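*Asks:* Encoded as structure tokens, here's the structure I'll be asking about.
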Amino acid sequence: MERSEALLLYQDVFQSDPNPACAFDINHAIVAFNQAFSDEFFRVYGHRAQPGETFPALFLPDQGEIIAGYLDRALAGEAFTITERFGHPDFASPMWEIFYNPLRAGNGEIIGAVQHGVDITEQVNAEEQLASAQEALRQAQKMEAVGQLTGGLAHDFNNLLTGMMGNLELLQARIARGRLDDIDRFINAAQGAGRRAASLTQRLLAFSRRQTLDPKPTDVNRLITGMEDMLRRTVGGASHIEIVGAGGLWTANIDAGQLENALLNLCINARDAMPDGGRITIETANKWLDDRTGKERDLSPGQYLSICVTDTGSGMSAETIARAFEPFYTTKPIGQGTGLGLSMIYGFARQSGGQVRIYSEIGEGTTVCVYLPRHLGDAEETEADETALTVAGATGQTILVVDDEATIRHLIDEVLDEAGYTVIGAADGAAGIKVLQSGARIELLITDVGLPNGMNGRQVADAARILRPGLKVLFITGYAENAAVGNGHLEAGMELLTKPFSMEALAAKVGEMMEGNCR
């Protein structure tokens, strides 16, 4: 009698609930339900449930097994909530949030289970619509960024191409008329435009984290100290530079040249923020980031070193900080900045496993901090003699050049031929391997990393070293195939030269490798 009274009481409570509610005995049979349950079950299954029916048997077979499992959990004493879609495909399949609880007698004995459901279909649909709208917004923002990027890129490259083409056209016209006086002016102007185009491309690759990095264990304090004179000359006498290097600063495994470019850009930005002069402080520090701090900086927990550049200038608004890393975004007057400096620094830091953060307030100056992961080991020693290398009297040594761009092969051929080398050219990896399989004497392999026809430069180099163990290899690349060249970890006797490079740099690198000075 006590059990029946309890179930009747539950039935009365159920009837006042606008959401479906149902009670079951220990055998999964329906013992009580409210009107909302009866109406909803009929809506989604076309059947009016009756007391005494085994509830899981009323569902489709695959759904019935799931329902039985939920009831067994509740009958074992567990209270829980599930979110799932239930219904018959011929009627309706709403999304339900269903609460399960054990049903107990007065003495605490479990005598059944209670199921209480809420139709959350509208809520789920609204969330899906919101997510879809947010994704559409993100895509629109991406397209806006792409438009801004391509517009800025086209503007800058059109200017540079005009400078190159115009000067070469005037040079050609003067030579045709036999006027050879003052032609160096046109050559220098065309070369200058070419160098600026190369710099722009490098900055774009840095922004997109696609630049070819050549990381080495680096003493960052020593690198900054070595740049001090250049930085002072660059920012001018109105801006005072102070360097505060942390004692015991950890080593960073980075591309030192790219870090130098980043620091130079940060100091130029700091100078421009202080038109009446001021103080620039470059400070290094060791940082150990825990989970919370790492999340704040979007970095994995661990050991990092920071390089922070602080100025006493005009500062940035929150809106400017939010857009500072966008390509071609700049607050400087037209013609006084490409808007790629900070985006390049951000790309370099992220590609190196680090991060960049800006801390600023209007009128209070700006601090830009570059975080780089610690390298467990000592920095590499650099040669004291920084004199440029020249190619001296090659004695018929043979170099194999593999590059699919005929113009580049011919340029390299011309430079190395004048230096006394014998050059063999190949347009792809397969052709290069055939040369290596022949009896030709080869002292050095120069190969592009990105090659057509299924074999990249690293694969050519690996095959070459199987055929000729210890063969020296110089990789040349205009794109960041970092995985192909070992992510900056090249084997002994391998070097990397990034396009576009000067012919003087190529000759120096080849001379260095031929003399046995490569790592």
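The values are calculated or read from the model by the stated rules, or taken from the named source; none is laboratory data. No experiment lies behind these values; they were computed from the predicted model shown. Cβ sites come from the backbone with ideal geometry, for glycine too, and all protein chains shown count toward neighbours.
*Asks:* Which numbered condition in (1) part of a helix (DSSP H, G or I); (2) more than 28 Å from N125 (Cβ to Cβ); (3) in contact with a Cys (Cβ under 8 Å, 6 or more places away or on another chain) is the only one that A32 fails?
*Replies:* (1)
*Asks:* Being among the small types (G, A, S) and farther than 15 Å from L400 by Cβ is the filter; apply it to region 436-469 and report the residue that is modelled with the lowest pLDDT.
*Replies:* The qualifying residue modelled with the lowest pLDDT is G454.
*Asks:* Follow-up. Hey, among the residues in region 225-240 that are surrounded by 14 or more Cβ atoms within 10 Å (Cβ to Cβ) and closer than 14 Å to L266 by Cβ, which one's modelled with the lowest pLDDT?
*Replies:* Filtering first and then ranking leaves T234.
*Asks:* Could you list, ordered by first residue, the pairs with Cβ atoms under 9 Å in which the first is in region 405-418 and in contact (Cβ under 8 Å) with a residue 24 or more places away in the chain and the second is in a loop (DSSP other than H, G, I, E, B) and among the charged types (D, E, K, R), at least 6 apart or interchain?
*Replies:* Cβ pairs passing all conditions: I408/K499; I412/D403.
*Asks:* Please specify each residue of region 444-462 satisfying the condition of being of a type in the set (S, T, N, Q) and farther than 16 Å from E495 by Cβ.
*Replies:* N453, N456, Q459
*Asks:* Out of the residues in region 430-457 meeting the condition of being polar (S, T, N, Q) and farther than 23 Å from K499 by Cβ, tell me which one is surrounded by the fewest Cβ atoms within 10 Å (Cβ to Cβ).
*Replies:* S438
*Asks:* Please find, within region 351-387, the residue that is surrounded by the most Cβ atoms within 10 Å (Cβ to Cβ) out of those that are among the charged types (D, E, K, R) and modelled with pLDDT under 85.
*Replies:* Restricting to residues being among the charged types (D, E, K, R) and modelled with pLDDT under 85, the top hit is E380.
*Asks:* Looking only at region 273-284, which residues are surrounded by fewer than 16 Cβ atoms within 10 Å (Cβ to Cβ) and assigned to a strand (DSSP E or B)?
*Replies:* R279
*Asks:* Right, next: Go through Q202, Q211, Q141 for me and flag whichever is out of contact with any strand residue (DSSP E or B) (no Cβ under 9 Å at 6 or more places or on another chain) and either modelled with pLDDT under 80 or assigned to a helix (DSSP H, G or I) (or both).
*Replies:* Of the residues listed, the single one that is out of contact with any strand residue (DSSP E or B) (no Cβ under 9 Å at 6 or more places or on another chain) and either modelled with pLDDT under 80 or assigned to a helix (DSSP H, G or I) (or both) is Q141.
*Asks:* Still on this structure: Take the residues in region 117-138 that are farther than 30 Å from F37 by Cβ and of a type outside the set (G, A, S), then tell me which one is farthest from the chain's Cα centre (by Cα). Explain how you work it out, then say what you get.
*Replies:* The initial filter retains those residues of region 117-138 that are farther than 30 Å from F37 by Cβ, namely 130-138.
Keeping just the survivors that are of a type outside the set (G, A, S) gives 130, 134-135, 137-138.
Numbers: L130: 27, Q134: 22, E135: 20, L137: 21, R138: 17 Å.
Of everything passing the filter in region 117-138, L130 is farthest from the chain's Cα centre (by Cα).
*Asks:* Limited to region 479-517, what total is found for residues that are part of a loop (DSSP other than H, G, I, E, B), modelled with pLDDT of 55 or more and farther than 21 Å from A252 by Cβ? Can you show your working first?
*Replies:* Just the residues of region 479-517 that are part of a loop (DSSP other than H, G, I, E, B), to begin with: 479-493, 499-502, 515-517.
After this cut, where a residue has to be modelled with pLDDT of 55 or more as well, the list is 479, 489-493, 499-502, 515-517.
Adding the requirement that they be farther than 21 Å from A252 by Cβ leaves 479, 491-493, 499-502, 515-517.
Counting residues in region 479-517 that are part of a loop (DSSP other than H, G, I, E, B), modelled with pLDDT of 55 or more and farther than 21 Å from A252 by Cβ gives 11.
*Asks:* Six or more apart or on different chains, Cβ atoms under 9 Å: show the pairs whose first residue is in region 299-326 and within 16 Å of G363 (Cα to Cα) and whose second is at pLDDT 85 or above and of a type in the set (F, W, Y).
*Replies:* T310/Y359; I321/Y359
*Asks:* For region 81-98, name all the residues that are closer than 20 Å to A57 by Cβ, exposed (fewer than 15 other Cβ atoms within 10 Å of the Cβ) and touching a residue at least 24 places away in the same chain (Cβ under 8 Å).
*Replies:* Within region 81-98, D90, F91, S93 meet the criteria.
*Asks:* Can I ask one more? Which count do you get for residues in region 458-469 that are surrounded by fewer than 18 Cβ atoms within 10 Å (Cβ to Cβ) and over 15 Å from T398 (Cα atoms)?
*Replies:* 6
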